[in-house]
Amino acid sequence: MSLTTNSEYGVRPRIWFAVYQLLWHLLLPLAFVRLAWRARHAFSYLHHIPERLGFGYSKPITQRSIWIHAVSVGETRAAQPLIDAYLARGESILLTHMTLNGRRTGKQLFAKEIASGQIRQVYLPYDICWAVEHFLKTFKPKLGLFMETEAWPTVVFRCKEIGLPLFLVNARLSERSARRVNRFGKAGRALFQAFAGILAQTEFDAQRYRSLGVQNVQIVGNLKFDVPLDSFLVEQGKVWQQGIHADNRLMVCAASTRDGEEAIILKAWNDLLLSNTFPITPLLCLVPRHPERFTEVADQINSAGLKFRKRSEWSGIPSECDVLDVVLGDTMGEMPMYYSASDLVLMGGSLLPFGGQNLIEACAAGCPVLLGEHTYNFQQAALDAIDSGAAKRVKGELLLTEPIALMESLKELLLNTAELRRMSEAAKAYSVKHQGATKKILAALDQQTQLLT
């Protein structure tokens, strides 16, 4: 496998690439130690280990598929409309992931297609030259699509060398990430220039990719607007909401929260309940982003002195929530139900500098959104949602010890049900208005691949 890229990129990555490969080989044992450590909570982390080295694939092997790489949960869900469109064309799909939760999500979304052989699901191997080489020789995909932000140097450069068209689709790049790429100089910029093309979500993203010297950039919108909500889960959520409203309560869903944010939210929620300004007692549904943190967050809720139950303790739709302060959403794949049952969503990842999580799904369910200040991963979506009236930002600074700003923002909205209804209608209209990225991506890929052949 060559250690150089084409001279058109103006770099000499032979030494850089050799150092990169050396580091991978030295750190490889730590990667397996990390998997073993995570296996304490889910033994499935130790499944399919050979795939992470580019081997151990069960037969039959389908070649010349459309290869879609979706690293984890969010990317896998975002890829759903694109995968459905290619399946409708009669294409076979090679679907790769890096995380266990991404693989679980793919298996849940495409169980029938995986069983029928239309979709083959494996892990993308670690970015080591021989592992990547064996993976590509085994499956020989005819087209590669990486979702959103993934750019593994060995994979990207090798696809360029062997003439495999590899596109970055639904691509986003924050200002922070662009600065990080630029720290690597010409070698970092060459990585994105080696893609056959980049299909960006917004003009913000496109400008940042162009600043890295990428020529072939198109703006196609955000696939997340095209992701359908599970109708069964939506209906379950509506039934749950009817029960909550029958108890004369409103529910706030703190969705996809990250480490450190739960402490802020629980402190604000306790202060809210003690404020004695509500004619009704609101209910909090707290849904951590990562399932391995469910136990940790349960302990935090308990330490806060709040009455709670875990979603997993109900076999069907949650009921008898009238005596609870908090429901812990400790299940995977049920966000449409949580959103459909809620009157307001507090979007995780935005209270602390994590860049925010996907607010589009909440809006599609007609749920108003409250955002913190950190939404750089969804910059355009957040701005558009606020401009349309579907979302608001927390007013003031968020502090761990005294999260008064969050408490006041929640209070203001929960006391104004007319405003919540208006925001709900705006959220639905906003989500519909921005649909259509799937068709644009397919058209762009068809055009680009014709030019390359």
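For residues that are of a type in the set (A, V, I, L, M, F, W, C) and either out of contact with any strand residue (DSSP E or B) (no Cβ under 8 Å at 6 or more places or on another chain) or within 12 Å of PHE225 (Cα to Cα) (or both), scanning just segment 64-81, find the one that is surrounded by the most Cβ atoms within 10 Å (Cβ to Cβ).
So the first thing to find is which residues in segment 64-81 are of a type in the set (A, V, I, L, M, F, W, C), and the list is 66-68, 70-71, 73, 78-79.
Okay, now just the ones that are also either out of contact with any strand residue (DSSP E or B) (no Cβ under 8 Å at 6 or more places or on another chain) or within 12 Å of PHE225 (Cα to Cα) (or both), so 73, 78-79.
On the way: VAL73: 25, ALA78: 25, ALA79: 27.
Applying the filter and picking the extreme gives ALA79.
Out of all the residues in segment 345-354, which are crowded, with 24+ Cβ neighbours inside 10 Å and in contact (Cβ under 8 Å) with a residue 60 or more places away in the chain? Full working, then the answer.
Let us first name the residues in segment 345-354 that are crowded, with 24+ Cβ neighbours inside 10 Å, namely 345-351.
Correct list: VAL345, LEU346, MET347, GLY348, GLY349, LEU351.
What single numbered condition from (1) under 25 Å from the mean Cα position of the chain (by Cα); (2) at pLDDT below 95 fails to hold for GLU75?
Every listed condition holds for GLU75 apart from (2).
Would you point out the residue of segment 275-289, among those that are within 23 Å of GLY348 (Cα to Cα) and among the aliphatic types (A, V, I, L, M), that is farthest from the chain's Cα centre (by Cα)? Steps first, please.
Here is the first cut: in segment 275-289, the residues within 23 Å of GLY348 (Cα to Cα) are 281-289.
Still in the running and among the aliphatic types (A, V, I, L, M): 283-284, 286-287.
Numbers: LEU283: 26, LEU284: 23, LEU286: 18, VAL287: 14 Å.
Only one residue tops the list, namely LEU283.
Somewhere in segment 205-216, is a residue more than 25 Å from VAL155 (Cα to Cα) and of a type in the set (Val, Ile, Thr)? Give the derivation first.
Filtering segment 205-216 down to residues more than 25 Å from VAL155 (Cα to Cα) leaves none.
No; the residues of segment 205-216 include none that is more than 25 Å from VAL155 (Cα to Cα) and of a type in the set (Val, Ile, Thr).
Can you tell me which residue is least open to solvent (accessible area, probe 1.4 Å) among those in segment 186-210 that are assigned to a loop (DSSP other than H, G, I, E, B) and over 25 Å from ALA381 (Cβ atoms)? If you could, list the steps in order and put the result at the bottom.
Of segment 186-210, the ones assigned to a loop (DSSP other than H, G, I, E, B) are 194-196, 201-202.
Narrowing the set further to residues that are over 25 Å from ALA381 (Cβ atoms) leaves 194, 196.
Working: ALA194: 6, ALA196: 31 Å².
Filtering segment 186-210 for residues that are assigned to a loop (DSSP other than H, G, I, E, B) and over 25 Å from ALA381 (Cβ atoms), the one least open to solvent (accessible area, probe 1.4 Å) comes out as ALA194.
Which ones in segment 95-121 are in contact with a helix residue (DSSP H, G or I) (Cβ under 6 Å, 6 or more places away or on another chain), farther than 18 Å from GLU148 by Cβ and hydrophobic (A, V, I, L, M, F, W, C)?
The answer is LEU100, ILE119.
Determine, yes or no, whether GLU51 is acidic (Asp, Glu), out of contact with any helix residue (DSSP H, G or I) (no Cβ under 6 Å at 6 or more places or on another chain) and at pLDDT below 95. Please lay out each step first, then the result.
Working: acidic (Asp, Glu): yes; out of contact with any helix residue (DSSP H, G or I) (no Cβ under 6 Å at 6 or more places or on another chain): yes; at pLDDT below 95: no.
Answer is no for this residue.
When you scan segment 371-387, do you find a residue that is modelled with pLDDT of 95 or more, part of a helix (DSSP H, G or I) and within 22 Å of ASP84 (Cα to Cα), even just one?
No: zero hits.
What is the residue count in segment 330-339 for residues that are surrounded by 24 or more Cβ atoms within 10 Å (Cβ to Cβ) and either without any contact (Cβ under 8 Å) to a residue 40 or more places away in the chain or over 18 Å from ASN222 (Cβ atoms) (or both)? Spell out the reasoning first.
First pass over segment 330-339, keeping only residues surrounded by 24 or more Cβ atoms within 10 Å (Cβ to Cβ): 335, 337-339.
Those left that are additionally either without any contact (Cβ under 8 Å) to a residue 40 or more places away in the chain or over 18 Å from ASN222 (Cβ atoms) (or both): 337-338.
The number of residues fulfilling the criteria is 2.
Which of the residues spanning segment 330-367 are assigned to a loop (DSSP other than H, G, I, E, B) and under 14 Å from GLN241 (Cα atoms)? First the steps, then the outcome.
In the first step, residues of segment 330-367 are kept if they are assigned to a loop (DSSP other than H, G, I, E, B); the result is 330-334, 342-343, 348-359, 365-367.
Of everything in segment 330-367, those that are assigned to a loop (DSSP other than H, G, I, E, B) and under 14 Å from GLN241 (Cα atoms) turn out to be SER342, ASP343, ALA365, GLY366, CYS367.
Can you tell me which residue within segment 51-62, out of those that are of a type outside the set (A, V, I, L, M) and surrounded by 13 or more Cβ atoms within 10 Å (Cβ to Cβ), is nearest to GLY144 (Cα to Cα)? I'd like the intermediate steps shown before the answer.
Here is the first cut: in segment 51-62, the residues of a type outside the set (A, V, I, L, M) are 51-52, 54-60, 62.
If we keep only those that are surrounded by 13 or more Cβ atoms within 10 Å (Cβ to Cβ) too, we end up with 51-52, 54-55, 57, 62.
On the way: GLU51: 18, ARG52: 18, GLY54: 16, PHE55: 19, TYR57: 19, THR62: 15 Å.
It comes out as THR62.
Please tell me if ILE83 is in contact with a Leu (Cβ under 8 Å, 6 or more places away or on another chain) and of a type in the set (A, V, I, L, M, F, W, C). Steps first, please.
Numbers: in contact with a Leu (Cβ under 8 Å, 6 or more places away or on another chain): yes; of a type in the set (A, V, I, L, M, F, W, C): yes.
Yes: the conditions hold for ILE83.
Consider only pairs whose beta carbons are under 8 Å apart and that are at least six residues apart or on different chains; among these, list those whose first residue lies in segment 73-85 and is over 15 Å from LYS440 (Cα atoms) and whose second residue is among the basic types (Lys, Arg) and open to solvent by less than 30 Å² (accessible area, probe 1.4 Å).
From segment 73-85, the pairs are ARG77/LYS224.
Which of the strands (runs of 3 or more DSSP E) contained wholly in segment 240-329 include at least 2 residues that are open to solvent by 10 Å² or more (accessible area, probe 1.4 Å) and modelled with pLDDT of 95 or more?
Working: elements: 251-257, 283-288, 308-310, 326-328.
Counting at least 2 such residues, we get 308-310.
If you take the residues of segment 28-72 that are touching a residue at least 24 places away in the same chain (Cβ under 8 Å), part of a helix (DSSP H, G or I) and of a type in the set (Gly, Ala, Ser), which of them is farthest from LEU94 (Cα to Cα)?
ALA31
The values are calculated or read from the model by the stated rules, or taken from the named source; none is laboratory data. This is a predicted model, so every value here is computed, not measured. Here the Cβ is made from the backbone with ideal geometry for all residues, glycine too, and neighbour counts use every protein chain on show. All accessible areas refer to the heavy atoms of the entire protein, side chains included, with ligands and DNA or RNA removed. Shrake-Rupley method; radii C 1.70, N 1.55, O 1.52, S 1.80 Å.
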